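Below is one structure, written out as structure tokens, with a few remarks after it.
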Amino acid sequence: MPRLASITTAVAILAAGCTLQPRYERPAAPVAPAFPAGGAYGQQPAASGAESATAATPAADIGWRDFFADARLQRLLELALKNNRDLRVSVLNIEAARAQYQITRAALFPSVNAVASGTRARTPANLTASGRTIAAEYSVGLNASWEIDFFGRIRSLSDQALAQYLSLAESRKAAELALLSSVANQYLAMLAFDDALAVTRATLVTAEESLRITSLKFDVGTGSELDLRQSEGVVEQARANLETEARLRAQAENGLVLLVGEPLPEDLPPGLPLNSQALLADIPAGLPSDLLTRRPDIAAAEQLLLAANANIGAARAAFFPRVTLTGNAGTLSPTLGGLFKPGSGAWSFAPQITLPIFQGGQNVAALDLAQVQKRIEIASYEKAIQTAFREVSDGLAARGTFDNQIKSLERFTGSQERRLVLSDLRYRNGVDSYLSVLTAQNDLYSAQLLLINARLQRLTNLVDLYQFLGGGWIERAGDTPRPADAPADYSMTTPAPAPGTASP
């Protein structure tokens, strides 16, 4: 017995410890060691006022309620995290991957089944030695089977399934961050259309007043029909622009409803106008290497690389013998009543070794495929890093230029407003033609729309940069980050405990 116990222990240790997976080494990041500096990147905003409390705080440590100060937007983000259908699909995909991992991992352990069977058969008398034509056999017992994982085939498959589960968990985390960004950007776009509608209405009022004056001049004979027709054209163009802006505003709200996952509630708290959205601007970019821990899409790509690495171990193990132990123990009797009588015990033990000799090149091709898939995942992982580097760099370039651009557009818009006033005065006093007024009105309207668009782009760039730097996973600064597979809304069904710890 001691000898048998020591053999069993040695077999268990060997089965648990052997693996043919290649040693994993994280590929070097194929990007520069620092983000670009100077030029467009040299005018990054400095912390001031309310931002000073979070200055130099990485995006991943800033809660989305701290970043988005608009109470109306915060409520919409809550609803989106609860109701968005794409996010629900991501959660269900994680549950499916968890179940698949548990199925694969179960093969590491012996399977034991309780079995009861009974058979009755008739054999012709001339074919039996005993002369009995009816024979019966009844059995009750336990069947057990176990593939001893000497070369780590099952363990490699289990590691592959675990890595795929963790990759989906990180992808779901990335989907949540993208959802927050999409809802915020759609909300800001809706506010921009509100501003564009207000500008268009004001332009229409001005155009209608100009038409009234031009009509009076034409009626008394001091104005020309050309001025009248030009004034009418400006009014109709302004009306057409108003319909366009109203349509775009309605479509923007429809897009927001889709992202939120339900019609916008009537009791939403009051919101802030576009020009009063105080998003945190002084978020440090850090180093490109920081993206490896902040960006869930990069973490997901690395988990897929780990899965491909584990798959090589399973493909290598296919070249080696597979050892399977099967056995059963119970009672066996020709009558049902004699199953549990003394002497009815029965058992069998059947170890089996399967050694691949000729597979038509299947195992070689499977190993080649696994190695190619790993190279594909390496390229995908490197591409994810390069994409993240480009997104952050673009965001920094935009953040470094939008403030000065908006200041210039504000001054430009003010100059066009003054130009329109002067042109209108010159026209009313007969010094200039109506064409100068028409041109000034069009230029002012274009300048106002350019200013609104620049303000919108600045805000959406800050939102995107917050996401690109890994922000949005925690609700408030100081919160403990959730595991990547944990839902944001705890009123929803909470998944079962994770088989592995997904990186926060």
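For the chain, the fraction of C-alpha pairs more than 38 angstrom apart is 53%.
Charged side chains reduced to their Cβ positions (Lys and Arg at +1, Asp and Glu at -1) give the range 133-199 a dipole of some 120 debye around its Cα centre. Lysines near K374 by alpha-carbon distance under 18 Å, same-chain residues fewer than 8 away left out - which ones? Within the straight-line limit of under 18 Å, K374 reaches these lysines: K383. Seen against the Cα atoms of the chain and their longest principal axis, helix 296-317 is set at about 20 degrees.
Principal axis analysis of the Cα atoms in the range 413-474 yields extents of 64, 14, 11 Å, listed in decreasing size.
Could you tell me which of rounded, prolate or oblate describes the range 348-430, using a ≥ b ≥ c as the square roots of the eigenvalues of the alpha-carbon gyration tensor, with rounded for a/c under 1.5 and, failing that, prolate when a/b is larger than b/c and oblate otherwise? Here the range 348-430 falls in the prolate category.
Can you give the angle from 0 to 90° between the axis of helix 153-220 and the longest principal axis of the chain, with both taken from C-alpha atoms, to the nearest 10? Once rounded, one gets 20 degrees. Note on R476/V205: beta-carbon distance plugged into 1/(1 + (r/R0)^6) with R0 of 41 Å gives a FRET efficiency of 0.40. Taking 0.36 nm per residue of sequence separation and removing the Cα-Cα distance, the A40/Q102 pair yields an extension gain of 17.2 nm. The peptide list 371-382, 438-449, put in order of mean Cβ contacts within 10 Å with the highest first, becomes 438-449, 371-382. Using only alpha-carbon positions in the range 256-411, the gyration tensor eigenvalues give semi-axes of 64, 29, 13 Å once each is multiplied by 5 and square-rooted (largest first). Between A69 and R85, the simple spin-label model (points 7 angstrom out along Cα→Cβ) gives 3.7 nm.
Label-to-label distance for A129 and L369 is 5.0 nm, based on points extended 7 Å past Cα in the beta-carbon direction. Annotation: amide H-H contacts under 5 Å for G271 (H modelled 1.01 Å from N, sequence separation of 5 or more, or interchain): none.
Shape of the range 79-198 from its Cα gyration tensor (a ≥ b ≥ c, root eigenvalues): rounded if a/c is under 1.5, otherwise prolate when a/b > b/c, or oblate? It comes out prolate by the Cα gyration axes. With the simple model of a label 7 Å out from the Cα in the direction of the Cβ, R26 to F150 spans 3.7 nm. Both radii come from the Cα set of the range 235-339: Rg as radius of gyration, Rh as Kirkwood radius; their ratio Rg/Rh reads 1.41. Counting every other Cβ atom within 10 Å of each residue's Cβ, F349, F320 order from fewest to most as F349, F320. Subtracting the Cα-Cα distance of V112 and Q457 from their residue separation scaled by 0.36 nm leaves 117.9 nm. Each of T401, Q386, L420 was scored by the projection of its Cα onto the charge dipole of the range 373-426, and the greatest displacement toward the positive side belongs to L420; charges sit on the C-beta of Lys, Arg, Asp and Glu.
Relative to the current alpha-carbon distance between K407 and Q352, full extension at 0.36 nm per residue lengthens the span by 11.8 nm. Across all directions, the average projected area of the convex hull around the alpha carbons of the range 215-283 is 9.3 nm². Note on the chain: with charges restricted to the Cβ of Lys and Arg (+1) and Asp and Glu (-1), its dipole about the Cα centre is near 2460 debye.
Neighbours of I406 by Cβ distance under 14 Å: Lys/Arg scored +1, Asp/Glu scored -1, total +2. Hand me the GluC sites (Glu not before Pro) from the range 187-289 located in a DSSP loop with no more than 11 other Cβ atoms within 10 Å, in residue order please. Answer by residue number: E266. Separation of the range 104-177 and the range 443-492, taken as the distance between their Cα centroids, equals 51 angstrom.
If one takes the longest principal axis of the Cα atoms in the chain, at what angle in degrees, from 0 to 90 and to the nearest 10, does the Cα axis of helix 71-83 lie? It is inclined by approximately 30 degrees.
For the range 354-393, the mean projected area of the C-alpha convex hull, equal to one quarter of the hull surface, is 3.4 nm². Computed from phi, the 3J(HN,Hα) profile of the range 247-252 under the Karplus parametrisation 6.51, -1.76, 1.60 (θ = phi - 60°) reads 5, 5, 5, 5, 5, 5 Hz, with x in place of Gly and Pro.
Every number here is computed from the coordinates shown, using simple stated rules; none is lab data. Model, not experiment: these values are computed from the prediction. Note that each Cβ is placed from the backbone with ideal geometry, even for glycine, and that neighbours are counted across all protein chains shown.
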